[in-house]
Number of protein chains: 2
Amino acid sequence: MRIHARCPSCLLNRVYQECRYITDDEDLIGRIMERAMEIVLEEYRKKGVNAVSATRVHREVYRMLGTHDPYADVKKIANEQAMNALPVARKYIENGDRFRNAVIASIIGNSFDYGVLGHEVNDGEFELYFEREFKRGLAIDDTDEIRHLAKGNVVYLADNAGEIILDRLLVEEIKRLGGFVSFVVRGKPVLSDATMEDARIAGISEVADEILTNGKGAIGIIEEELPEDTKERLENADLIISKGMANYECLSEGDYSNVAFLLKAKCEPVAGDVGVKVGDMVAMLR
Amino acid sequence: MRIHARCPSCLLNRVYQECRYITDDEDLIGRIMERAMEIVLEEYRKKGVNAVSATRVHREVYRMLGTHDPYADVKKIANEQAMNALPVARKYIENGDRFRNAVIASIIGNSFDYGVLGHEVNDGEFELYFEREFKRGLAIDDTDEIRHLAKGNVVYLADNAGEIILDRLLVEEIKRLGGFVSFVVRGKPVLSDATMEDARIAGISEVADEILTNGKGAIGIIEEELPEDTKERLENADLIISKGMANYECLSEGDYSNVAFLLKAKCEPVAGDVGVKVGDMVAMLR
């Protein structure tokens, strides 16, 4: 999907927040906001993919801030909260349809996304939030078709830290079905997205067959930045599991087939493009 | 106060919302957002007063939308809610220090401000909200000094529709003290701000000595746009009552003295400039 009229204010809001995470230097923040607006305006005129535009903006902001990871503390908290919710999630998965329940759990994990305008991350009470969301269920449910494809070569595109802890549970279920799982994280820290370090914390190497990266840490997938092995796995996948909104923005524009979009629609443009309401959870095969 | 790094995303967010109030034409909204970003970037570079920059942006947006009042429905609801809360407000004012209580009531009314990022207008349950806020009281309280000056020539700069219903109660108290009240509304509809029509609904002419306007309906006060009589009253005022954030942004930069800023600090930049927390209510004489 292409950048939406709603995106610029949301993007600038997030830029401001990430500045505040690491500095109180008002002059620096002022210069960064001006530069961010220039880039957002340029990108908005191009009408490209928002996640790609956002990648360009945040890279420039990180450079001007002189930091490689303004979300380090935020990610730490998200991982801890998800870890605390793990026993509850396991209990839910073990009752009934394990695969579908693991899909839902991993989508609930997609709620760990800091900085989407109007989307509140449930700090502190993630276990209660998990139970409420689980009962709510999926607005689009292609789980049966996804399950069928999950027996083959699966590329799992992760999204956020915190979320990755619950992704592990879905990888376990894919392995039960006999799938080969290539798990892909961001190649460098960007926003609150999961990296190799988060994969280590989540113990992904104990369950997935391999862990790859998206190269330079784009927010989502930028073809030109993909390492050869990641590109090869994507081209030969029987199923691509695409977590979250940024991966959706990128892959909904690409040529890949058999993509299972697992996400919580946290903003109006993505919800509108998918055809659901803001807040809805979807497991949609395309 | 000058435009803050936080302002652009908030301003663009409001522009998007006001587009949605009156159209679903995605192409038009897309063009408007691009033009709004261009102006916001230009204005941000000038480092002027945010309310003045916002005035320029919204005027262009209204022109492109082909509307003179996208907030008409919103204002109608605000006036109705405030009207419903009037008996409760009167009860509070009659118990104890009438003038101080009327000041607080009018500041609670300043909560009727649609579109400030992160500020939620309490739809539906304004009476409950009123009681809670009243108990909370003022973070800065110069009411005694303000009361003293209110016996002379008072210029009352109104802010929002809805709010103006409660402003009437404070005007009544100023009249009790013997003041001469020149009540100033926006000369044209802009955002959810009060105009002559809202003054009529609130019955301001029954209590104030005269009703004037700010000319062309700037968000706040733009000197060059003021009608002669309004300018003269401001210059000869013993007390200027300045309601809300936009009037604060404008008058905190001007040469006027004896200005009583009555506002709820609904965003970080204004709260920071005033020296209070977001959500605090202040009655501050400068």
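So what's the angle, to the nearest 10 degrees on a 0 to 90 scale, between helix B:126-136 and the longest Cα principal axis of chain B?
That works out to roughly 60 degrees.
Provide the percentage of antiparallel DSSP beta bridges, counting only those with both residues in chain B; round to the nearest 5.
Restricted to chain B, the bridges split so that about 25 percent are antiparallel.
Within region B:211-273, report the chymotrypsin sites (Phe, Trp or Tyr not before Pro) that DSSP leaves as loop and that have at most 10 other Cβ atoms within 10 Å.
none
A:Glu235 label points, 7 Å along Cα→Cβ, one per copy: pairwise distances from this copy to the rest in nm, shortest first?
Sorted ascending, the copy-to-copy spacings read 7.8 nm.
Shortest first and in nm to one decimal, what separations exist between B:Lys216 and its copies in the other chains, measuring from label points 7 Å along the Cα-to-beta-carbon line?
Computed spacing set for this position: 4.6 nm.
Relative to the longest principal axis of chain A, what angle (0 to 90°, nearest 10) does the C-alpha long axis of helix A:98-109 take?
10
List the pairs from B:Lys76/B:Lys135; B:Lys75/B:Lys264; A:Lys76/A:Lys135; A:Lys91/A:Lys175; A:Lys91/A:Lys231; A:Lys75/A:Lys266 whose alpha-carbon separation is above 25 Å, in the order I gave them.
Over 25 Å Cα-Cα: B:Lys76/B:Lys135; A:Lys76/A:Lys135; A:Lys91/A:Lys231.
Considering the dipole of the protein assembly as shown built from charges on the beta carbon (Lys and Arg +1, Asp and Glu -1) around the Cα centre, which of A:Phe180, B:Gly109, B:Thr55 is farthest to its positive end?
B:Gly109
Got the B:Asp255 label distances to the other copies yet, label 7 Å along Cα→Cβ, in nm, shortest first?
Distances to the matching label points in the other copies: 6.9 nm.
Report the one residue of B:Ile77, A:His68, A:Ile211 whose Cα lies farthest in the direction of the positive end of the charge dipole of the protein assembly as shown (charges on C-beta: Lys and Arg +1, Asp and Glu -1; origin at the Cα centre).
B:Ile77
Which chymotrypsin sites (Phe, Trp or Tyr not before Pro) does region B:62-114 hold that lie in a coil by DSSP with at most 10 other beta carbons within 10 Å?
none
Return the single residue from B:Asp73, B:Asp209, B:Asp142 with maximal mean-square fluctuation; model: Gaussian network over chain B, springs between Cα atoms under 10 Å.
Greatest mean-square fluctuation among the candidates belongs to B:Asp73.
Give, rounded to the nearest 20 debye, the magnitude of the charge dipole that chain A has about its Cα centre when Lys and Arg contribute +1 at Cβ and Asp and Glu contribute -1 at Cβ.
The calculated dipole for chain A is roughly 360 debye.
What do you get for trypsin sites (Lys or Arg not before Pro) in region B:10-69 restricted to DSSP loop and a cutoff of at most 16 other Cβ within 10 Å of the site's Cβ?
When the trypsin sites (Lys or Arg not before Pro) of region B:10-69 are filtered for loop state and at most 16 Cβ neighbours within 10 Å, B:Lys47 remain.
Compute the accessible area per residue over chain B, keeping the other protein chains in place, probe 1.4 Å, unit Å².
38
For n ≥ 4 DSSP H runs only, could you compute -39500 (n - 2.57) per run for the protein assembly as shown, divide by its residues and tell me the 222 nm figure to the nearest 500?
Theoretical 222 nm ellipticity from helices: -16500 deg cm²/dmol.
May I ask you to derive the FRET efficiency for A:Lys151 and B:Tyr21 from their Cβ-Cβ distance with R0 = 45 Å, giving the value to the nearest 0.05?
0.35
Report the charge-dipole magnitude of the protein assembly as shown in Debye, nearest 20, computed about the Cα centre from +1 at each Lys and Arg Cβ and -1 at each Asp and Glu Cβ.
300
Which chain A residue hugs the A-B rotation axis most tightly by its Cβ, and what is that distance in angstrom, to the nearest whole number?
Here the value is A:Ser9, 2.
Could you give the distance between the Cα centres of region A:177-217 and region B:224-253, to the whole Å?
59
Under the definition of partner shielding as Cβ atoms of other protein chains within 10 Å of a residue Cβ, what is the mean value for peptide B:92-98?
0
For the protein assembly as shown, what class follows from the C-alpha gyration tensor (a ≥ b ≥ c being the square roots of its eigenvalues): rounded when a/c is under 1.5, otherwise prolate if a/b is larger than b/c, else oblate?
Because a/c hits 1.5 or more and a/b exceeds b/c, the protein assembly as shown counts as prolate.
Only four residue types carry charge here, +1 at the Cβ of Lys and Arg and -1 at the Cβ of Asp and Glu. Report the dipole size of region A:7-65 about the Cα centre in Debye, rounded to the nearest 20.
The calculated dipole for region A:7-65 is roughly 400 debye.
Calculate the spin-label point distance for B:Glu34 paired with A:Asp144, positioning each point 7 Å from the Cα along the beta-carbon direction, and give it in nanometres.
Distance between the two pseudo-spin positions: 4.6 nm.
Between chains B and A, what is the buried accessible area in Å², counting both sides, with a 1.4 Å probe and ligands, DNA and RNA left out, to the nearest 100?
1900
Could you grab the Rg to Rh ratio for region A:72-285? Cα atoms only, Kirkwood for Rh.
Looking at region A:72-285, the ratio lands at 0.92.
The values are calculated or read from the model by the stated rules, or taken from the named source; none is laboratory data. Predicted model, so just to flag it, every value in this text is computed and none were measured. No Cβ is skipped: glycine too gets one built from the backbone with ideal geometry, and neighbour counts run over all protein chains shown. Calculation scope for accessible area: heavy atoms of the full protein, side chains included, ligands and nucleic acids excluded. Shrake-Rupley method; radii C 1.70, N 1.55, O 1.52, S 1.80 Å.
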